[in-house]
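Encoded as structure tokens, the structure appears first; notes follow it.
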């Protein structure tokens, strides 16, 4: 397998796409994919030190994230956080140009702005490429208009307002992405319900077996892997469908089992904690009080 190409700075994007260097801003770039020709070699693996939003409007290449191949359909958007690895595999007519755009943002562009801290709240940056956002024509136009406004500002004479305006335009773009992902969760409700059902069964099975003793507390990643989703997408899906994210649902089930054990046995709180997979009983007691308002012993005594 080819080694990973790591793009460390925005200026490295242009030679990677075999474009003439036209760096307008050292911390942000917009690439028009219609200008890119035949840059992809089979199994090219790429990581970057910056955030990437990639909208691709033709189907002449596949993308892989991890071991998963993604049929990158027309009108799909993926968002990548720094250091994620993307594999590109050329398909179709080599003379066919790409179409779409790429937006590349160095984290340091956001320094001093609230978006620098808030960008971690845009969880779609940690989705996998098979969880891409599939856009309607109207949504495509809205995002493309956002990109146009960012590019327009990049080509405006720089003054003391430039960076603030660019960051503000970025935030508008990301907020639209959030809205459109919310819409996609709704339109995929049927398949989402299947995931919820599988998760509920997996969670019950986990507590019925010895996994808690052998593997410890169940993790979000464990269940996400079982349903072939990234942890972030999986948790966001559950939040949309149930009102609670994956961690909250796991903790709820843990507390319910703990309540039953406290009321139906006289084993110590420490023993119950170990049986539930907690390495430290103190952590179990803190979590129990956080969720119920009482310590485990107070709960046991309040019923007896």
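What follows draws every value from the coordinates through simple rules; no lab data is involved. As the structure is a prediction and not an experimental result, all values here were calculated from the model. With ideal geometry, Cβ positions are generated from the backbone for all residues, glycine too; neighbour counts draw on all protein chains shown.
Some points to look at:
- Rounded to 10°, Cα long-axis angle of helix 189-208 versus longest principal axis of the chain: 40
- The calculated 222 nm mean residue ellipticity attributable to helices in the chain amounts to -14500 deg cm²/dmol, summing -39500 (n - 2.57) over DSSP H runs of n ≥ 4 and dividing by all residues.
- Annotation: extensible slack from residue 172 through residue 275 equals 32.3 nm (criterion: 0.36 nm per residue apart, minus Cα-Cα distance).
- Stretch gain in nm, segment residue 8-residue 161, where the contour uses 0.36 nm per residue and the Cα spacing is subtracted: 52.4 nm
- In a fully extended conformation the segment linking residue 201 and residue 186 would gain 3.2 nm over its present Cα-Cα distance, using 0.36 nm per residue.
- Computing Cα extents along the principal axes in Å directly from the structure and comparing it against [x] 73, 51, 48; [y] 76, 46, 37; [z] 71, 45, 35 singles out [y].
- The order of the peptides 11-19, 28-36, 228-236 by mean Cβ neighbours within 10 Å, most packed first, is 228-236, 28-36, 11-19.
- Order of 134, 25, 155 - criterion: other Cβ atoms within 10 Å of each residue's Cβ, fewest first: 155, 134, 25
- Mean separation of Cα contacts under 8 Å, 6 or more apart, over the residue count of the chain: relative contact order %: 14
- For the chain, modelled as a GNM whose springs connect Cα atoms under 10 angstrom apart, the maximal fluctuation among 88, 263, 202 occurs at 263.
- For 283, 51, order by how many other beta-carbon atoms lie within 10 Å, fewest first: 283, 51
- Normalised by the number of residues in region 109-193, the mean separation of alpha-carbon contacts (under 8 Å, six or more apart) gives a relative contact order of 39 percent.
- Highest-MSF residue in the chain out of 195, 267, 172 [GNM, Cα springs under 10 Å]: 267
- In degrees, nearest ten, helix 162-187 long axis to first principal axis of the chain (Cα): 60
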